[in-house]
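To start, the structure itself, in structure tokens.
The values are calculated or read from the model by the stated rules, or taken from the named source; none is laboratory data. Keep in mind it's a predicted model, so treat the numbers as computed, not measured. Methodologically, a virtual Cβ is constructed for each residue, glycine included, from the backbone with ideal geometry; neighbour enumeration extends over all protein chains shown. In case anyone asks, the SASA skips ligands and DNA or RNA and just uses the protein heavy atoms, side chains included. Shrake-Rupley method; radii C 1.70, N 1.55, O 1.52, S 1.80 Å.
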Amino acid sequence: MLNKITVIGAGNVGATAAQRVAEKNLARTVVMVDVVDGVPQGKGLDQWQSAPIEGFDSRVIGTNGYDEAADSDLFIVTAGIARKPGMSRDDLVKTNAGIVQQVGEQIRRVAPESIVIVVSNPLDVMCHVAMKATGFPRERVLGMAGVLDTARYRAFLAEALDVSVEDIQAMVLGGHGDTMVPLVSYTTVSGIPITQLLAPDKLEAIVNRTRNGGAEIVAFLKTGSAYYAPSAAAVQMAEAIALDKKRILPCAAWLQGEYGLKDVFCGVPCKLGRHGLEQVLEVTLTAKERADLHKSAEAVRDTMKALG
Ligand SMILES: NC(=O)c1ccc[n+]([C@@H]2O[C@H](COP(=O)([O-])OP(=O)(O)OC[C@H]3O[C@@H](n4cnc5c(N)ncnc54)[C@H](O)[C@@H]3O)[C@@H](O)[C@H]2O)c1
């Protein structure tokens, strides 16, 4: 168990993530920070009151400041505004960059040795803002997108094949956006290549549905975006770090030449343990997958440029 995990933003993703962190007993104290007066306090108290029923010992507290977050081992950053229907992730860029900048500066001030998992969108660019604002090395700033995109892909495949989600192994790389790269060549069902089980047109339809997985939910909800699966994904990364599991998960990492990409955050297979990002794994890609990954990274760079 870690000493303290702080979730920044007590909205849909943040509050659900805090609850999942507590229910998994990942930290002695779970802090929720939000700018809205009363909301983190109320949600924190409510969650803490579920502890005797759910049987967790993590003490959940909510606050509007950063004093309670001092010396946190890990932060999950969900602060920002979410997408509305018709709005792309990139539309969010300027507003959320200002918010994540401010949050990063506070994290550096109160917990300079911590690890940061960024969730706020546009994800890959917000990771860059957080890395600059904290001044942390790449090992301690990671972005959550690939775990979510992969979960959506696995769920759709399990549904199409009528098999357990547990038996679908897959990985979605690239930036978090319409250019994400589901790796069909590495998608298996208990070791059986997916191409032996699903016709190409069905597989392509699932890949496309995965690409639009976030938008599909925004269209249903109308006033917000997905948060059950996103919070579960962020907490899977937090768990890998807190329990030093050395899991291999697709995460946004600051690339330094891997896959021929440099100085850009992009989703790649990462080993996560107590030190944060412990290794970027370079796997062989098909020519098309590699080209798609580069295209995806270019889209991230375009947004970085738009932000200046
Ligand atoms: N990476 C992903 O895969 C993924 C998935 C889902 C959502 N997201 C992103 O996560 C973010 C949060 O989504 P949500 O659905 O929880 O939104 P939400 O609106 O429910 O919650 C956001 C919260 O951030 C708070 N906030 C704003 N400025 C703040 C600041 N300076 N400090 C602390 N808190 C602040 C708001 O008061 C609000 O409570 C959005 O940017 C969304 O696009 C990313």
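Of all residues in the range 250-271, those that are at pLDDT 95 or above and open to solvent by 10 Å² or more (accessible area, probe 1.4 Å) have Cβ atoms under 9 Å from Cβ atoms of residues that are part of a strand (DSSP E or B) and basic (Lys, Arg), 6 or more apart or on another chain, in 256/262; 271/247. Whether a residue is closer than 17 Å to residue 5 by Cα, more than 8 Å from the ligand (Cβ to nearest atom) and open to solvent by less than 40 Å² (accessible area, probe 1.4 Å) was assessed, and residue 158 does not pass this test.
Results for (1) closer than 25 Å to residue 140 by Cβ; (2) assigned to a helix (DSSP H, G or I); (3) charged (D, E, K, R), shown as yes or no for each residue.
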residue: 36; (1), (2), (3): no, no, no
residue: 40; (1), (2), (3): yes, yes, no
residue: 65; (1), (2), (3): yes, no, no
residue: 86; (1), (2), (3): no, no, no
residue: 97; (1), (2), (3): yes, yes, no
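Just one residue in the set 170, 226, 151, 145 is away from the ligand (no atom under 11 Å from the Cβ) and modelled with pLDDT of 95 or more; that residue is 170.
Of all the residues in the range 165-207, those that are in a helix (DSSP H, G or I), open to solvent by 70 Å² or more (accessible area, probe 1.4 Å) and farther than 24 Å from residue 253 by Cα number 8. The residues of the range 192-231 that are over 30 Å from residue 10 (Cα atoms) and of a type in the set (Lys, Arg) amount to a single one, 202. Can you spot a residue in the range 110-122 that is buried (at least 19 other Cβ atoms within 10 Å of the Cβ) and at pLDDT below 95? Looking for residues that are buried (at least 19 other Cβ atoms within 10 Å of the Cβ) and at pLDDT below 95, one finds at least one in the range 110-122, hence yes. Residue count for the range 215-273, restricted to those that are part of a strand (DSSP E or B), small (Gly, Ala, Ser) and within 20 Å of residue 180 (Cα to Cα): 3.
Working only within the range 21-43, note down all residues that are within 22 Å of the chain's Cα centre (by Cα) and either free of Cβ contacts under 8 Å to residues at least 12 places away in the same chain or within 13 Å of the ligand (Cβ to nearest atom) (or both). Listed by number, the residues that qualify are 31, 32, 33, 34, 35, 40, 43.
Given the condition without any contact (Cβ under 8 Å) to a residue 24 or more places away in the chain, surrounded by fewer than 16 Cβ atoms within 10 Å (Cβ to Cβ) and farther than 15 Å from residue 7 by Cβ, answer yes or no: does some residue in the range 133-152 qualify? Checked the range 133-152: at least one residue is without any contact (Cβ under 8 Å) to a residue 24 or more places away in the chain, surrounded by fewer than 16 Cβ atoms within 10 Å (Cβ to Cβ) and farther than 15 Å from residue 7 by Cβ.
Of the residues 231, 225, the single one that is out of contact with any Cys (no Cβ under 8 Å at 6 or more places or on another chain) and open to solvent by 20 Å² or more (accessible area, probe 1.4 Å) is 225.
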